[in-house]
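The values are calculated or read from the model by the stated rules, or taken from the named source; none is laboratory data. Every value quoted in this text rests on a predicted model; they were computed, and no experiment measured them. Because the Cβ atoms are built from the backbone with ideal geometry, glycine has one as well, and the counts that use them run over all protein chains shown. Accessible surface is based on the protein model in full, side chains and every heavy atom, while ligands, DNA and RNA are left aside. Shrake-Rupley method; radii C 1.70, N 1.55, O 1.52, S 1.80 Å.
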Amino acid sequence: MAMDPQVFINTTIAEIHDKARDYQQKGWRFVALTGSTVPGGVELLYSFSDFKEFEQLRLVAEPGATVPAVSDIFFNALVFENEVHDLFGVNIKDIAIDFGGKFYGVSVPTPMNPQSPFVDNSFTVTYRDSKSADQPTDGQEGGN
Amino acid sequence: MAERTVIPFGPQHPVLPEPIHFDLVVEDETVVEAIPQIGFVHRGLEQLVKKKDYSTFVSVTERICGICSFGHSLGYSQTIEILMGIEVPQRAEYLRVILHELSRVHSHLLWMGLAADAFGFENLFMQCWRIRERILDIFEATTGGRVILSACNVGGVYHDITNEELKGIVDVLKGMGNEYSKLTKTFLNDGSVKSRLIGVGYLSKQDAIDNCVVGPFARASNVAEDIRCYGFGGYGYLSAFEPIVCEDGDGYGRAKVRALEVLQSIDIIVELVSKIPDGEVMVKVKGSPEDGSVSASRLEQPRGECFYYAKGNGSKFLERFRIRTPTAQNIGGMTKILQGCDIADVPLNILTIDPCISCTER
């Protein structure tokens, strides 16, 4: 049974933008950006494809790190960069359209990385109806 | 220069069954910029891998979307099979492709109906969905489910479909052929359809490449990319496969690609039924994914390439599972086709890429 080639290449934050540019200049396209928590921070997996060829660049963003956006090269990456910021709390610099944490309407900060050291966790619940602030009903708590 | 105004579009709109929001920056009646926003119904299903073991999680993937439910279970299963080095029986590979192509047929017919409904052609809408019912009947007869099939899992498929049943499926599909030809003729030649789709939502080939769009959206802009071409899984048993492309690049081109892909899917099913070998349909899967093992795979869903990633941690629970759906990938291209369009065409433009927000908000 033929399957997708499994190519995973380790890289660094400093190299990721240039490497994404290299893929673009070779005519490859951006497939996905995947975040996952690892002991040293958040692992970011950038997937690129040139038809049958399929490669993944892997880096670890340590706490406090800022990762350069690749959405200036591949515009559609902005969806995933905002997602990684909102769900994992990774700081991404210069996203083509930066929603500033409002891309996903999350009710708790960085839900897929609850102990994220990347973001300010001083999250306060606000209520749409000030009268019900003391007794929230029907899941009325607001977002961020 | 005319004054610019921001008009909010969505998240609720009659043409959208699911929520997505756009801030449309308009000059007079022309959209000059569209800023998308999603996340209104995000479910965080990927996180459930920490609570459901890798064998049970397939039932969650099926529920990501009601249209590509089988596709997601197939994509998930093949990713775990790569992760654990599992060889699937050949007959199961055939059956998976047959069910997946049936899903594509019903998905495209569903879109054609929705599109007809959107431009007010109610009769065409009902005809599309009437034919689609036959596919759902096939699902019900062979798997017991019309939407959630529960047919696929890691290692193969749960239940065999007998050769007689497969021949029956082919008979149904061939019987549909005449009706579907009439329907396609109406869909692609009717004046009212053409007036709403031709020249609307144009995306050039270069823009399609630059925005990395996938599926019929890309193929309608003459980008010959289709994961099925690479012969992954059961697609390797096809004698030949060429993606259907169109040079139009507009809404009409996208409708044409989908209409022709229905016929292509029927041909694929007919060929595979004529070749399907006898044998087992499921292998017993033992053990758990190794700690640190990773796998990534792609599958051509009805809306385009879908990406799956899995990471094991030595237990029966995965460390991470990720799905990047075709609609998420097409959001960039969607904003591109909205730039410069008439504001009255915005709903139809969004509809022509066949967005699936429930997939995107997995």
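Restricting to the range B:180-192, give me the number of residues that are under 23 Å from the mean Cα position of the chain (by Cα) and touching a residue at least 12 places away in the same chain (Cβ under 8 Å).
5
Hey, could you check the range A:28-42 for residues that are open to solvent by 10 Å² or more (accessible area, probe 1.4 Å) and at pLDDT 90 or above and say which is nearest to A:Ile92 (Cα to Cα)?
Only one residue tops the list, namely A:Arg29.
Using beta carbons and a limit of 8 Å, which pairs, at least six apart or on different chains, have the first residue in the range A:19-46 and within 18 Å of A:Gln6 (Cα to Cα) and part of a helix (DSSP H, G or I) and the second one hydroxyl-bearing (Ser, Thr, Tyr) and open to solvent by 30 Å² or more (accessible area, probe 1.4 Å)?
none
Condition check: within 12 Å of another protein chain (Cβ to nearest Cβ), closer than 19 Å to B:Arg362 by Cα and part of a helix (DSSP H, G or I). Does A:Leu78 satisfy that? I'd like the intermediate steps shown before the answer.
Details: within 12 Å of another protein chain (Cβ to nearest Cβ): yes; closer than 19 Å to B:Arg362 by Cα: yes; part of a helix (DSSP H, G or I): yes.
Considered against the rule, which asks whether it is within 12 Å of another protein chain (Cβ to nearest Cβ), closer than 19 Å to B:Arg362 by Cα and part of a helix (DSSP H, G or I), A:Leu78 comes out as yes.
With the checklist (1) open to solvent by 10 Å² or more (accessible area, probe 1.4 Å); (2) in contact with a Leu (Cβ under 7 Å, 6 or more places away or on another chain); (3) assigned to a loop (DSSP other than H, G, I, E, B); (4) not basic (Lys, Arg) in hand, flag the one item B:Thr186 doesn't pass.
Of the numbered conditions (1) open to solvent by 10 Å² or more (accessible area, probe 1.4 Å); (2) in contact with a Leu (Cβ under 7 Å, 6 or more places away or on another chain); (3) assigned to a loop (DSSP other than H, G, I, E, B); (4) not basic (Lys, Arg), the odd one out for B:Thr186 is (3).
Check B:Pro277, B:Pro289 and return the single one that is surrounded by fewer than 16 Cβ atoms within 10 Å (Cβ to Cβ) and in contact with a Lys or Arg (Cβ under 9 Å, 6 or more places away or on another chain).
B:Pro277
For the range A:81-105, name all the residues that are in a loop (DSSP other than H, G, I, E, B) and either in contact with a helix residue (DSSP H, G or I) (Cβ under 6 Å, 6 or more places away or on another chain) or more than 9 Å from every other protein chain (Cβ to nearest Cβ) (or both).
Pass one, the range A:81-105, residues in a loop (DSSP other than H, G, I, E, B): A:89-90, A:94-105.
Across the range A:81-105, the qualifying residues are A:Gly89, A:Val90, A:Asp94, A:Ile95, A:Ala96, A:Ile97, A:Asp98, A:Phe99, A:Gly100, A:Gly101, A:Phe103, A:Tyr104.
With the structure loaded, tell me whether B:Lys284 is open to solvent by 30 Å² or more (accessible area, probe 1.4 Å) and either in contact with a Lys or Arg (Cβ under 6 Å, 6 or more places away or on another chain) or touching a residue at least 40 places away in the same chain (Cβ under 8 Å) (or both) or whether it fails that test.
So B:Lys284 passes the test.
Looking only at residues in the range B:238-253 that are touching an Asp or Glu at 6+ places or on another chain (Cβ under 8 Å) and modelled with pLDDT of 90 or more, which one is farthest from the other protein chains (Cβ to nearest Cβ)?
The selected residue is B:Gly253.
Looking at the range B:98-127, I want the residues that are over 16 Å from B:Pro17 (Cβ atoms) and have a partner that is of a type in the set (Lys, Arg) and crowded, with 24+ Cβ neighbours inside 10 Å with Cβ atoms under 6 Å, at least 6 apart or on another chain. Which pairs are those?
Hits for this filter: B:His108/B:Arg258.
Scan the range A:43-75 residue by residue and report those that are in contact with a Leu (Cβ under 9 Å, 6 or more places away or on another chain) and either acidic (Asp, Glu) or within 12 Å of another protein chain (Cβ to nearest Cβ) (or both).
Within the range A:43-75, A:Glu43, A:Leu44, A:Leu45, A:Tyr46, A:Ser47, A:Phe48, A:Gln56, A:Leu57, A:Arg58, A:Val70, A:Ser71 meet the criteria.
What is the residue count in the range A:70-108 for residues that are hydroxyl-bearing (Ser, Thr, Tyr) and open to solvent by 10 Å² or more (accessible area, probe 1.4 Å)?
1
Look at B:Ile80 and say whether it is within 11 Å of another protein chain (Cβ to nearest Cβ) and among the β-branched types (Val, Ile, Thr).
no
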